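Trainee: Mind looking over this structure? Questions follow.
The values are calculated or read from the model by the stated rules, or taken from the named source; none is laboratory data. Being a predicted model, the structure only gives us computed values, none of them experimental. FYI the Cβ positions are ideal-geometry reconstructions off the backbone, even for glycines, and counts take in every protein chain you see.
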Amino acid sequence: MLYTAAIMVCLIDKPRTYDNCQIINAHFKYKTEEQCWLAINGQVQYQGENMLKVGYELVDGKCIKWLEEKSDI
């Protein structure tokens with residue numbers, strides 16, 4: 001499998017639009033969805049307080065699956 005992680009943050013008290021939101025992408029690929037979510041949770045813990053200080057709030061997080069598992073049949 002191949003997963004990538006992304007977090008969407010938006011300006012607090014502003015409409016959720018292209019101009020008011022940002023996507024924070026992970027710089028790694030993950031072999032399992034669990035590893036991907038651990039990375040997202042770690043990033044939220046690491047940046048959560050700083051995001052609020054600069055006026056952003058966490059809106060969403062996603063682990064995106066890019067490849068299917070191979071079947072050995």
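Trainee: In this structure, is Leu38 touching a Leu at 6+ places or on another chain (Cβ under 8 Å), modelled with pLDDT under 95, surrounded by 11 or more Cβ atoms within 10 Å (Cβ to Cβ) and of a type outside the set (Phe, Trp, Tyr)?
Mentor: Numbers: touching a Leu at 6+ places or on another chain (Cβ under 8 Å): no; modelled with pLDDT under 95: yes; surrounded by 11 or more Cβ atoms within 10 Å (Cβ to Cβ): yes; of a type outside the set (Phe, Trp, Tyr): yes.
No.
Trainee: A further question follows. Filter region 1-19 down to the residues that are farther than 12 Å from Asp60 by Cα, surrounded by 15 or more Cβ atoms within 10 Å (Cβ to Cβ) and out of contact with any Gly (no Cβ under 9 Å at 6 or more places or on another chain) and list them by number.
Mentor: The first filter runs over region 1-19 and keeps only residues farther than 12 Å from Asp60 by Cα, leaving 1-4, 11-15, 17-19.
From the residues that got through so far, the ones that are surrounded by 15 or more Cβ atoms within 10 Å (Cβ to Cβ) too are 1, 3-4, 11.
The answer is Met1, Tyr3, Thr4.
Trainee: Quickly run through region 45-69 and pick out the residues that are under 12 Å from the mean Cα position of the chain (by Cα), within 20 Å of Lys14 (Cβ to Cβ) and hydrophobic (A, V, I, L, M, F, W, C).
Mentor: Selection gives Leu58, Val59.
Trainee: Which condition number does Gln22 fail, the rest of (1) touching a residue at least 24 places away in the same chain (Cβ under 8 Å); (2) of a type outside the set (Ser, Thr, Tyr); (3) part of a helix (DSSP H, G or I) being met?
Mentor: With (1) touching a residue at least 24 places away in the same chain (Cβ under 8 Å); (2) of a type outside the set (Ser, Thr, Tyr); (3) part of a helix (DSSP H, G or I) applied to Gln22, the lone miss is (3).
Trainee: In region 42-59, what residues are surrounded by 12 or more Cβ atoms within 10 Å (Cβ to Cβ) and either touching a residue at least 12 places away in the same chain (Cβ under 8 Å) or of a type in the set (A, V, I, L, M, F, W, C) (or both)?
Mentor: First, pick out the residues of region 42-59 that are surrounded by 12 or more Cβ atoms within 10 Å (Cβ to Cβ): 42-44, 47-48, 51-52, 55-59.
Across region 42-59, the qualifying residues are Gln43, Val44, Gln47, Met51, Leu52, Gly55, Tyr56, Glu57, Leu58, Val59.
Trainee: Name, by its number, the condition in (1) part of a strand (DSSP E or B); (2) at pLDDT 95 or above that does not hold for Glu57.
Mentor: Evaluating Glu57 over (1) part of a strand (DSSP E or B); (2) at pLDDT 95 or above leaves (2) as the failure.
Trainee: Please pick out the residue among Ala5, Ala39 that is in contact with a helix residue (DSSP H, G or I) (Cβ under 6 Å, 6 or more places away or on another chain) and either of a type outside the set (S, T, N, Q) or outside any strand (DSSP E or B) (or both).
Mentor: Numbers: Ala39 fails: in contact with a helix residue (DSSP H, G or I) (Cβ under 6 Å, 6 or more places away or on another chain).
Only one candidate qualifies: Ala5.
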